[in-house]
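Report on the structure given below.
The values are calculated or read from the model by the stated rules, or taken from the named source; none is laboratory data. Small disclaimer: the values here were computed from a predicted structure and weren't measured. Counting neighbours? That spans all protein chains shown, and the Cβs are built from the backbone with ideal geometry, glycine included. Heads up: the accessible areas ignore ligands, DNA and RNA and are worked out on the full protein's heavy atoms, side chains in. Shrake-Rupley method; radii C 1.70, N 1.55, O 1.52, S 1.80 Å.
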Amino acid sequence: MIKCYPFNLLFVNIALICLDVVLAFIAFFQLCRIHLRNQRVGWTRQKVLHLMIGSSNCGYFIYFLCMVVATCKRWLCWSNVCGFVLMALPKILFLAAFLLLLSFWADLCHQANDEEDGDEENSSRKPLLETSKTKVGLSNIDIRRKCCSFQGIRVGSRQKFVIVVIVLNVLLIIAFVAIIRIEQKNPSNSLVFARVYIDFLATLVLLMGVAFGCYGFLLFSKLRRVRSEKASSEMRKVVGLAVVSVLCFTSSSLIALFTDVLLFHHWNPEKINGVKAPILLILHHVLGSSVPFAFGLWFMRELPAPSTSNRQVQPRAITFISYGSAGRHHHQYCPTTTSSEKQVSRTSPN
């Protein structure tokens, strides 16, 4: 294995594989804990985010593992379609997770001014993939249907926009795969098309980092007007995740735009010397994926309140995700200190 793959790159790949496995395990383990604690609620935002984080890290694990195997086994398709697809798909899941999180921040920031629909305003207090309320005396079969069913999906307009962006990205990947497949006899052309998609993806991540900074500032300014322990805790989370997102997304985007680190599957590892390529690979992956995912998992570590069969379950909107149960809330909020107090009061699980 070492003979067909440089030792420094092999060590980097193994380290990144281990990091992705750890993050995927944490995400799926936390997803199981949340699901077992609050099965009646169905698929909430918190569960969907954990699923996306775990799936993205699994995708990166497969990519770095195949990078070594494909080089040593000399897979013909690796430097063209296979490497490009395995590089792009985990990044799409990464984008989906953080765009979804950003849409929830946007819901909270515009909550006082948005009066588009009654449904839109209530969407932040409902499960993402399930809108029906848990009724008293549900049988085990009903619970299984509720937990596993994706019927009646109903999301807000900002979440719909996120879905559209991700679908367009998937279609774009398919288009570039077809072009790279056609141009595979001319490696230089396929490399150019892969470079174009990588630049587009890096620009999208850079804009997402700017958006996190803007909405993080708006949420911080709203929470700062409220004097409570919970508001202080939420402010620290908002500031922490916003700063991490801006720094990490900007750094990884600049690395992707001005280097060829994401074209690693086109390189011949046997001709790579020095430490520049391994360092760039580590910086891009750790800053652009691992650190934001780790912070997201840390901020979402709190479990929702357990659901009970003797009350209706209405999820509560919090700064980052939607937890399980909540009481009754007003539908409209004024942009005043009282409004902020109500908003923070909805941030803490029962």
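Structural remarks
- Criterion violated by V69 - all others in (1) under 21 Å from Y197 (Cβ atoms); (2) out of contact with any helix residue (DSSP H, G or I) (no Cβ under 6 Å at 6 or more places or on another chain) satisfied: (1)
Residues are listed down the side, and each one gets a yes or a no for (1) open to solvent by less than 30 Å² (accessible area, probe 1.4 Å); (2) within 26 Å of F295 (Cβ to Cβ); (3) out of contact with any Leu (no Cβ under 9 Å at 6 or more places or on another chain); (4) assigned to a helix (DSSP H, G or I):
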residue	(1), (2), (3), (4)
L9	yes, no, no, yes
I14	no, yes, yes, yes
C18	no, yes, yes, yes
Q46	yes, yes, no, yes
I62	no, yes, no, yes
L65	no, yes, yes, yes
L86	no, yes, yes, yes
L89	no, yes, yes, yes
L95	yes, yes, no, yes
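- Pairs with Cβ under 8 Å, 6+ apart, first in the stretch 28-45 and under 13 Å from E302 (Cα atoms), second open to solvent by 80 Å² or more (accessible area, probe 1.4 Å) and of a type outside the set (S, T, N, Q): Q30/R301
One line per residue, one yes/no per condition, for (1) at pLDDT below 90; (2) more than 25 Å from P187 (Cα to Cα):
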residue: M1; (1), (2): yes, yes
residue: F29; (1), (2): no, yes
residue: N38; (1), (2): yes, yes
residue: G83; (1), (2): yes, no
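- Applying the criterion of at least 3 residues that are within 27 Å of the chain's Cα centre (by Cα), closer than 30 Å to T259 by Cα and at pLDDT below 70 to the helices (runs of 4 or more DSSP H) found wholly in the stretch 112-204 leaves an empty list.
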